[in-house]
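Down below is the structure, laid out as structure tokens.
Laboratory data are not the source of any read-out in this text; all were calculated from the coordinates shown. Bear in mind the structure is a predicted one, so any value in this text is a computation, not a measurement. Counting neighbours? That spans all protein chains shown, and the Cβs are built from the backbone with ideal geometry, glycine included.
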Amino acid sequence: MKRKIVSALLCVSMIAVMLTGCGGGSSSSSEGGDTEQSEESGDGDSSDGELITVGFAQVGAESDWRTANSESMKETFSEANGYELIFDDAQQKQENQITAIRNFIQQEVDYIVLAPVTETGWDTVLQEAKDADIPVITVDRMVDVSDDSLFVSYVGGNFKLEGDKACEWLKAYADAKNISELNIAHIQGTIGASAQIGRTEGLEEAAKKYGWNIVAQQTGEFTQAKGQEVMESMLKQHDNINVVYCENDNEAFGAIDAIKAAGKTVGPDGDILVLSFDTVKAGIEMTMSGEIICNTECNPLHGPRVAELIQKLEAGEELEKIAYIDEGIFAYGSDVASVTIDGTEYEVTEVTQEVVDGRKY
Ligand code: GYE
């Protein structure tokens, strides 16, 4: 769309090819991160200059949720839909995301979309984007910047509310089952990520309010491998754990493996209740069986949501600064029908085969 310097870039790359004697392939200019340029079809859409260029700084590929999120973005921002997507996988490292954003600025993309690995540390590079007149949309996780005009909008989950939902469910379930003492192992997400901050805050507040014991707390980096490793060591140190609060499904998968390997059981009649977030396909299946007793939804299909924001900006419309998405609570059984948080009632969905079959990610 905007003042493209495609021909200048072409010249530069042609000179580079001439100098190095090698060419072909789509070159990546990102250091450390993994940048893919969406393929240019060469045929069909000849209105090449009309494509909207979007640079997407993605967190990484740490979880099922993330994979579904990347797919949604790639599917939405296709050439057929009128976009050219430059996709950068930062491998969970903020410095890679900063490098990617600087590359997007250099390439004069029309929009930068950022899923920030952690909340802080963005002021300088987002100021650079602002100085270059490139709107930045934050998606999935939030940035904590001193000047809010450094990003145009946030679309994603409300993580504190997710944490509150999970904890109110746990309180109601424990009351219904006469479980008087909760000894909780807390496996956190990537420290400093919005999803970790909100979900942790929810648990810590509830533990204080209801007198629950958080016997161990450690990050599992949102991955299955780390979730397993952390759970293994927690089980060695504490023999009274009866609840595990995992901040995503993949950590729960790892934790459940570790619990079983230690000779203990999970589920409504087992030794340990496992709570989780995301409700990815494999996670919701384990909620139907009770292995994950409660799973709070976090929807990763952000592609169309971000596209809607971009289309509004193209039309000169103002955006809401924060656009939280609707998210449900999914549980094994029907012991808890709903939870109430700050005066709002949220229904709990009992996971049945139909619910599992309806999952899109
Ligand atoms: O819960 C987790 C992923 O930021 C909401 O990141 C996202 C979280 C999600 O790795 O699975």
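The Cα-based radius of gyration and maximum Cα-Cα distance (Dmax) for the chain are 22.4, 75 Å.
Relative to the longest principal axis of the Cα atoms of the chain, helix 303-314 runs at roughly 50 degrees. Database remark: amide H of Tyr361 closer than 5 angstrom to the amide H of Lys281 (H placed geometrically; neighbours at sequence offset of 5 or more, or on other chains; Pro and chain starts carry no H).
For region 120-129, 3J(HN,Hα) computed residue by residue from phi via the Karplus equation (6.51, -1.76, 1.60; θ = phi - 60°) reads 9, x, 9, 3, 5, 6, 6, 5, 4, 5 Hz, glycine and proline entered as x. Selection among Gln217, Asn81, Val351 by position relative to the dipole of the chain gives Gln217 as farthest towards the positive end (Cβ unit charges, Cα centre). Cross-link pairs exceeding 18 Å in C-alpha to C-alpha distance, out of Lys160/Lys208; Lys321/Lys360; Lys171/Lys360; Lys177/Lys236, comprise Lys321/Lys360; Lys171/Lys360; Lys177/Lys236. Applied to region 209-220, the Karplus parametrisation 6.51 cos²θ - 1.76 cosθ + 1.60 on θ = phi - 60° returns per-residue 3J(HN,Hα) values of 5, 9, x, 7, 9, 8, 7, 8, 8, 7, 7, x Hz, with x for Gly and Pro.
Across region 169-177, rounded Karplus estimates of 3J(HN,Hα) from the backbone phi angles (6.51 cos²θ - 1.76 cosθ + 1.60, θ = phi - 60°) give 4, 4, 4, 5, 5, 4, 5, 4, 9 Hz, Gly and Pro being marked x.
Let me spell out the model: positive unit charges on the Cβ of Lys and Arg, negative unit charges on the Cβ of Asp and Glu, origin at the Cα centre of the chain. What dipole size does that give, in debye rounded to 20?
680 debye
Measure nothing fancy, just the Cα-based angle from helix 64-76's long axis to the longest principal axis of the chain, in degrees from 0 to 90, nearest 10. On a 0 to 90 degree scale, this one is about 30.
Less than 5 angstrom separates the built amide H of Glu247 from those of Ile187, Gly189, all sequence-distant by 5 or more or on a different chain.
Give me the mean projected area, in nm² to one decimal, of the convex hull enclosing the Cα positions of region 93-228.
Numbers: hull surface 38.4 nm².
Average of the hull's projected areas for region 93-228 equals 9.6 nm².
Ranked for footprinting exposure by Cβ neighbours inside 10 Å, fewest first, Ser70, Ser180 give Ser180, Ser70. Here region 116-259 is assigned +1 on the Cβ of each Lys and Arg and -1 on the Cβ of each Asp and Glu. Its dipole about the Cα centre then comes out at about 560 debye. Amide H to amide H, with H built 1.01 Å from N, Val348 comes under 5 Å of Ser338, Val339, counting only residues 5 or more places away or on other chains. If you run the Gaussian network model on the chain, springs between alpha carbon atoms under 10 Å, then out of Thr344, Thr120, Thr219 the most flexible one is Thr344. The residue list Leu203, Val230, Pro304 was ranked by how far each Cα lies along the charge dipole of the chain toward its positive end, using unit charges on Cβ atoms, and Val230 comes out on top.
With contacts taken as Cα pairs under 8 Å at a separation of at least 6 residues, the chain carries a relative contact order of 15 percent. Annotation: Cα Rg of region 180-284 relative to the compact-globule expectation 2.2 N^0.38 Å equals 0.97. Simple rule: put +1 on each Lys or Arg Cβ and -1 on each Asp or Glu Cβ in the chain, find the dipole, and look at Cys246, Val136, Gly157; the Cα lying farthest toward the positive end is Cys246.
Just to be sure I follow the definition: excluding the sites themselves, where is the longest run in the chain that has none of the GluC sites (Glu not before Pro) in a DSSP loop with at most 13 other Cβ atoms within 10 Å? Present the calculation step by step, with values, prior to reporting the outcome.
Details: sites that count: Glu31, Glu39, Glu40, Glu181, Glu317, Glu318, Glu320.
After excluding every exposed loop site, the longest remaining stretch is 41-180.
A simple charge model with +1 on the Cβ of Lys and Arg, -1 on the Cβ of Asp and Glu and nothing else charged puts the dipole of region 206-342 at about 400 debye relative to its Cα centre.
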